[in-house]
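Comments concern the structure below.
The values are calculated or read from the model by the stated rules, or taken from the named source; none is laboratory data. Since we're looking at a predicted model, the values are computed, not measured. Note that we place each Cβ from the backbone using ideal geometry, even for glycine, and neighbour counts take in every protein chain shown. Accessible surface is based on the protein model in full, side chains and every heavy atom, while ligands, DNA and RNA are left aside. Shrake-Rupley method; radii C 1.70, N 1.55, O 1.52, S 1.80 Å.
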Amino acid sequence: MIVNGNDKHSDDLSYSSYLSLPELLSLQHRRTIAHDELLFIVMHQTYELWFRLILHELEAARSTMDRGDSYLSIRSLRRVVTTAHLLIAQMDVLDTMTPQDFLRFRSDLGSASGAQSAQFREIELISGLKDPSYPHGLSPTAVEDERLRRRFLEPSLWDSFVSLLQRRRCPALTALFDDSDRWRDLFQLSEALIEYDQVFSLWRIRHVQLVERQIGSKTGTGGSSGDSHLRATLSKRFFPLLWEARSGLTKPN
């Protein structure tokens, strides 16, 4: 829904111009005449738009944690979780493409690969997966390279969460569970972080299934090892200490 604001040019604003639809709908450039190439392009462009929103919300969650507002952080994380469920659901659309349909244009993708998505790497970096090799080897543009280096150096969500616990004098992660009434908002924030971590694990699993359905064990585009490379990512966790804390829990009184 478009609501006119106070901008003096708002009377000239239309649905199309507000969303820059002419520009947006001109960006789907097929390299072949294959029918399903448009689906492939739209799917991945849509992913990048959702990634942009996720980064926006993760930055907000980190910022509000730094300000001590756990409730706003939880709201942003819940929006991220809902968006990630959309990312998983969108794979059902791509599953309507058969392996034969994909092969009609796959070779024309050249060295392009989803592994080169700078925004996805940003999501991993802001979430705490700071492998020193991440800012390199993605063939990014100069702008993307700068973004990745900045993300690598800046505090992660986990850093902000730990800092919040320290400022609130919460003694340990297990205290959030042992005395959840006292630390109710922090406990709920920790659960929101876990839910975010969990849904991205589900996304990784669904992604592996999608790739295996399309190309089996073939080498991935861009020279990656395909499904074996993706399977190696399934054990990744944004917040491993939150998962480990559950091992130390005992039966409540």
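How would you classify the chain from its alpha-carbon gyration tensor, with a ≥ b ≥ c the square roots of the eigenvalues: rounded for a/c under 1.5, else prolate if a/b is greater than b/c, otherwise oblate? If you can, show how the numbers build up before the last one.
Details: a/c = 2.08, a/b = 1.38, b/c = 1.51.
Because a/c hits 1.5 or more and a/b fails to exceed b/c, the chain counts as oblate.
Would you mind classifying segment 150-195 by shape? Square roots of the alpha carbon gyration tensor eigenvalues, ordered a ≥ b ≥ c; an a/c under 1.5 is rounded, otherwise it is prolate if a/b is larger than b/c and oblate if not. Write down the numbers at each step before the final one.
On the way: a/c = 3.09, a/b = 1.87, b/c = 1.66.
It is prolate, given that a/c is not under 1.5 and a/b is the larger ratio.
Under a Cβ-only charge scheme (Lys and Arg +1, Asp and Glu -1), can you give me the dipole magnitude of the chain about the Cα centre, in debye to the nearest 20?
Values: 31 positive and 33 negative charges, 127 e Å.
I would put it at about 620 debye.
How far apart, in nm, are the 7 Å Cα→Cβ label points at MET43 and ALA172?
Placing both labels 7 Å along Cα→Cβ, they lie 4.7 nm apart.
What's the extension gain from SER201 to LEU129 if we count 0.36 nm per residue and subtract their Cα-Cα distance? The partial results should precede the final answer.
On the way: separation 72, 0.36 × 72 = 25.92 nm, distance 1.33 nm.
Value of the extension gain: 24.6 nm.
Around ASP131, what is the net charge, scoring Lys/Arg as +1 and Asp/Glu as -1 over all other residues with Cβ under 11 Å from its Cβ? Write down the numbers at each step before the final one.
Working: positive: ARG121, LYS130, LYS236; negative: GLU124.
So the surrounding residues net to +2.
Just to confirm a number: summing +1 for Lys and Arg and -1 for Asp and Glu over residues other than PHE187 whose beta-carbon lies under 11 angstrom from that of PHE187, what do you get?
Details: positive: ARG182, ARG184; negative: ASP178, ASP179, ASP181, ASP185, GLU191.
Result for the neighbourhood of PHE187: -3.
In what order, largest first, do SER20, SER111 sit by accessible area if the probe radius is 1.4 Å?
On the way: SER20 55, SER111 85 Å².
I get SER111, SER20, largest accessible area first.
Could you work out what % of the accessible surface of the chain is carbon and sulfur, using a 1.4 angstrom probe and leaving DNA, RNA and ligands out of the count? It would help to have the intermediate numbers written out before the result.
Numbers: 7860 of 14640 Å².
Heavy-atom surface of the chain belonging to carbon and sulfur, 1.4 Å probe: 54 percent.
What is the extension gain from LEU21 to GLU59, computed as 0.36 nm multiplied by their sequence separation minus the C-alpha to C-alpha distance, in nm to one decimal?
The LEU21-GLU59 span can extend by a further 11.0 nm.
How many Å² of accessible area per residue for the chain, probe 1.4 Å?
Values: 14640 Å² over 253 residues.
Normalised by residue count, the accessible surface of the chain is 58 Å².
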